[in-house]
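Input: a single structure, listed below in structure tokens.
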């Protein structure tokens, strides 16, 4: 009986070792822990890294790949600078631009609905543009789609844009009347509305809605094109098998989950 148990134990250890070796062969990890920066907003990174959609997504990705990922939250502008200086290997909630694509790889895992937030009594978009007394607030370092970016750039040229260091600071500045309209993800606004008492503000119909694809960004200094294909396979599997939607559903309404989800082949 003891011999039988011993043989069974050896077989079990062999199977586990084979699976680990197989995983390692298919998915080689960097020699050092992967340095990652989260976008520091409660919806994505909350409770000092113990909750949030991106935190759970990365935890699951770490479990599937076996790679060690060391994450921290930081303001978006600083994160991009650290990324460009090769002090980071990965970045969550990243928006792709032609300039960034030269330095980083991008793998989509969701989408955001960027809209205008403000008092519902404000004038429409064109009238807002004509009134020099009306100011717009944005988060420093955030890039938008072409139409929205063009609109924001036009206001920048006339010194009518105030930049916040973080999304939470943006909403607090809006509440303090530092500007009339904030440009932000409408789902993040919904999450912050109760916490920060933003009941007087609503999503405005300015005629521009920026449905931006949200990516995990990877440093080309750390990862090769072949390795990125392996990461993309894992991320796509999380989307296909419903893991991404399950994580989102813990933080957002079914309608918001549908809007934020993407499909992959």
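The values are calculated or read from the model by the stated rules, or taken from the named source; none is laboratory data. Since the structure is predicted, the reported quantities are computational estimates derived from the model, not experimental observations. Backbone-built Cβ (ideal geometry, glycine too); neighbour counts: all protein chains shown.
Annotations
- Condition check for residue 193: more than 23 Å from residue 83 (Cβ to Cβ) and out of contact with any helix residue (DSSP H, G or I) (no Cβ under 9 Å at 6 or more places or on another chain): no
- For the range 66-90, taking the residues that are surrounded by fewer than 19 Cβ atoms within 10 Å (Cβ to Cβ) and within 30 Å of residue 241 (Cα to Cα), the one that is nearest to the chain's Cα centre (by Cα) is identified as 72.
- So residue 59, is it over 12 Å from the mean Cα position of the chain (by Cα), in a helix (DSSP H, G or I) and within 15 Å of residue 217 (Cβ to Cβ): no
- Breaking point among (1) at pLDDT 95 or above; (2) surrounded by fewer than 16 Cβ atoms within 10 Å (Cβ to Cβ); (3) more than 22 Å from residue 42 (Cβ to Cβ), for residue 99: (1)
- Residue ID - farthest from residue 221 (Cα to Cα), chosen from residues in the range 89-126 that are assigned to a loop (DSSP other than H, G, I, E, B) and free of Cβ contacts under 8 Å to residues at least 60 places away in the same chain: 121
- The single condition among (1) part of a loop (DSSP other than H, G, I, E, B); (2) touching a residue at least 60 places away in the same chain (Cβ under 8 Å); (3) outside the structural domain of residue 38 (by TED's automatic domain parsing); (4) out of contact with any strand residue (DSSP E or B) (no Cβ under 6 Å at 6 or more places or on another chain) that residue 86 does not satisfy is (3).
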